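Below is one structure; the comments refer to it alone.
None of the figures in this text is laboratory data; all of them are computed from the coordinates on show. All of these numbers come straight from a predicted model, not from anything done at the bench. Here the Cβ positions follow ideal geometry from the backbone for every residue, glycine too, while neighbour counts run over all protein chains shown.
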Amino acid sequence: MKNKYNFLWIGILLASLIGGVSLIKVAYANPLNLPDYALLKPQIKEAYSFAKLNSEMLSGLPCNCGCGTPEGAEAHGSRVHSRGLLDCFTEGDISNGGKWDSHASECGLCYEDALEAKKLYDEGKSKDEVRSSLLKKYSELKFSDDTVYGKK
């Protein structure tokens with residue numbers, strides 16, 4: 001009778017271990033097959049997920065980090081991002097043979113602008129309104145000659 005209970009406890013222990021491993025696998029799942037660098041921070045993951053699932057919403061939106069010009073592209077892997085903000089995340093159509101671009105994972109302007117666009121779309125804004133909002137955001141930035149050492 002004692003051996004019978006030992007097998008029961010061993011079965012319970014094995015079932016718990018298998019369940020725990022399965023739970024961990026589900027918790028760290030990557031159903032969109034995002035690249036590793038897109039999983040560095042929750043915000044970056046959210047932006048890359050949005051880019052994959054809603055690429056048409058990012059296409060044509062302004063990118064404000066300079067990657068859309070030949071001069072600025074030198075600092076961004078020498079590829080001019082002609083499709084706007086979407087090109088910061090992908091090269092070509094990611095669902096049809098395109099590939100991921102790591103640029104947005106390293107550039108706060110890009111992934112934060114994608115999340116701003118997502119927020120505005122969720123509020124019911126049109127693409128033109130989102131574009132205008134992003135353009136306005138950067139047109140109103142103020143730069144100063146003041147430094148910690150005083151004026152230049």
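Residues whose amide H lies under 5 Å from that of residue 100, counting only those 5 or more places away or on a different chain, are 91; hydrogens are built 1.01 Å from N in the peptide plane. Each of residue 32 and residue 46 was given a label point 7 Å from its Cα along the Cα-to-Cβ line. The distance between the two points is 1.2 nm.
The slack between residue 102 and residue 122, meaning 0.36 nm per residue of separation minus the straight C-alpha distance, is 4.7 nm. Between residue 115 and residue 15, the FRET efficiency estimated from the beta carbon spacing at R0 = 41 angstrom works out to 0.50.
Extension gain, residue 23 to residue 54: 0.36 nm times the residue separation minus the Cα-Cα distance gives 8.3 nm.
This ranking places 13, 115 by how few other beta-carbon atoms lie within 10 Å of each, fewest first, which gives 13, 115.
Rounded to the nearest 20 Debye, what is the dipole magnitude of the stretch 32-142 about its Cα centre when Lys and Arg each give +1 and Asp and Glu each give -1 at the C-beta?
My answer is approximately 160 debye.
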